[in-house]
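Working notes, beginning with the structure itself.
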Amino acid sequence: MKTKTALPTGTEGLELLASAVLLLDGEGRVAYANPAAENLLESSIKALRQQKMTDLFLNGDQLVQVFEQALAHQFDEMRQDLILDRIGREPLWVDTIVTALERSDTPVLLELRENVQQLKLEREERLLDQSQVNKELIRNLAHEIKNPLGGIRGAAQLLELELPERHLKELREYTQVIIKEADRLQTLVDRLLAPHRLAHIVSDVNIHEVCERVRSLMMAEFPHGLTIHRDYDLSLPQFRGDKEQLIQAILNIAHNAAQALADRIQDGDADLTFQTRIVRQVTLAKVRYRLALDLHIIDNGPGIPLDIQERIFYPLVSGRDGGSGLGLTLAQTFVQQHLGVIECESRPGFTDFRVLIPLP
């Protein structure tokens, strides 16, 4: 029978805390870690015990001075915001609280609270920077492609007119391939440039009318095997925006979800949910808003492959064969034109695209 490791005296209450707590001995080694610390550091108490605090992080020396001050009882408690780097893992954005204890065996308590707000701001900044780079890349690339395409198509048409009659049938097949592929690329370029060309037509928008329009389009395309759930907060106010752009953005997300749900649709158990809520005191692009629309498009599909989750809003990145990789890029562009942002959380069986847009 497996015996439970005995807890150091006086640590029973620490087991229940949601924040990560480490008790350190006089040399900075871990003597105790609560379950929240095991989760945060992705390591068991057995692996953590006797490791030096400085060995847990690549830049753990940031904690040395404050540890020594706590050991010397120069303060009772010290708080710091730190970014702690780890080998092969994401850095930890944490509020650290170092407390001097009246204990000879574990004189210092280190508490780590993940700074969720800072993580969110950093992620949003990364999305905005990525979006700006995407816009410049798209504009430059599209213009570079557009001009030669017209020349290629025109040359193929002229060549077709010059073909000898006796070989017209077999050779025309090749010129038509050139013309059709040039047209296909032209359509792709036009889609890339569309968000930057179309005028922003502003009117009062009811987000539920937008969702219902998308829902009707999805049900027409997928009449069997797909169930669309509605979970609306009807108290949401109208806001000023471009209704057609928002319909296109949400349709792109929902359509991507339906394509990922292809197997489940065939089995008849595909679920798609539109959920609306109000969130308060939201920061978007470093601007604080009192209220914001919080729209979720949730599906029970296989999830987005891990290797592209960080790049799904890049142009021409697609998780399926034959995808153009433009749907989510355009959706993000349209939402950002409303001062908002699209975020994504995905795992097998659950993918949630979250659309945040400021409200008046």
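A short reminder: the numbers here are calculations on the coordinates, not readings from a lab. It should be emphasised that the depicted structure is a prediction, and the values quoted were computed from it without experimental measurement. For neighbour counting, all protein chains shown are included, and Cβ atoms are generated from backbone atoms with ideal geometry for every residue, glycine included.
Residues Lys180, Lys146, Lys169 in ascending order of nearby Cβ atoms (within 10 Å, fewest first): Lys169, Lys180, Lys146.
Placing unit charges on the Cβ atoms of the charged side chains and taking the dipole of the stretch 203-358 about its Cα centre, the candidate lying farthest along the positive direction among Gly241, Ala270, Ala331 is Gly241. Around the Cα centre of the stretch 14-114, unit charges on the Cβ atoms of Lys, Arg, Asp and Glu (plus for the first two, minus for the last two) sum to a dipole of about 260 debye.
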